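Take a look at the structure set out below.
Just so you know, all these numbers are worked out from the coordinates, no wet-lab data involved. What you are looking at is a predicted structure, and each value in this text was computed from that prediction instead of being measured. Counting neighbours? That spans all protein chains shown, and the Cβs are built from the backbone with ideal geometry, glycine included.
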Amino acid sequence: MANESKQNGRFQVKRIYEQYDDSDGTRILVDRLWPRRVAKSAARLDGWLKEIAPSPELRQWFGHRPERFAEFARKYEWELSTDETKRALVGELLSLSGTVTLLYAAKDERHNHAVVLCEFLRRMG
């Protein structure tokens with residue numbers, strides 16, 4: 001899915017552990033916590049929007065369980081639509097020009113918040 005998402009539109013997702021590529025464009029980390037085993041100097045980030053990540057309560061409830069992903073996605077989109085801070089950060093992302101790569105650390109490339117955020121931004125943009 002990550003490769004499919006990567007090829008579709010100006011917003012794309014990528015694991016932060018994948019190698020940097022010039023086609024990444026603007027690289028934004030969208031995780032609340034800094035990823036393990038990644039040196040800040042080597043991350044090649046243009047920004048870190050930790051407040052756009054799901055609330056701690058929602059993240060804990062989801063627990064990276066694929067069977068909860070559809071409901072997680074609905075709840076996270078609700079947060080993106082109603083939380084004032086998250087709405088402002090969505091606006092910042094939408095205002096960026098060119099390709100924007102949303103970076104995340106989750107192992108599951110199909111069932112994570114960056115995928116939900118990417119689709120949300122594509123619909124909004």
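What helices does the chain have that are whole DSSP H segments, at least 18 Å long along their own axis by Cα, and with mean Kyte-Doolittle hydropathy of -1.0 or more?
Values: long enough: 69-82 (19 Å, -0.69).
Flagged H segments are 69-82.
For the range 1-90, the set of chymotrypsin sites (Phe, Trp or Tyr not before Pro) satisfying both a DSSP loop assignment and a count of at most 16 other C-beta atoms within 10 Å is given as Y17, Y20.
For the chain, what is the charge dipole size about the Cα centre, in debye to the nearest 20, if Lys and Arg each add +1 at the Cβ and Asp and Glu each add -1 at the Cβ? Numbers along the way, then the final one.
Working: 22 positive and 19 negative charges, 55 e Å.
I would put it at about 260 debye.
The calculated 222 nm mean residue ellipticity attributable to helices in the chain amounts to -11500 deg cm²/dmol, summing -39500 (n - 2.57) over DSSP H runs of n ≥ 4 and dividing by all residues. Exposed loop sites, defined as trypsin sites (Lys or Arg not before Pro) outside DSSP H, G, I, E and B with at most 16 other Cβ atoms within 10 Å, are absent from the longest region of the chain, namely 45-106. For the range 2-124, the spread of Cα positions along the three principal axes, ordered from largest to smallest, is 34, 30, 26 Å. GNM remark for the chain: springs join alpha carbons under 10 Å apart, and the peak mean-square fluctuation among S23, S97, S41 falls on S41. Count the lysine pairs in the chain whose Cα atoms lie under 21 Å apart, taking only pairs 8 or more positions apart in sequence or on different chains. Summing the qualifying lysine pairs gives 13.
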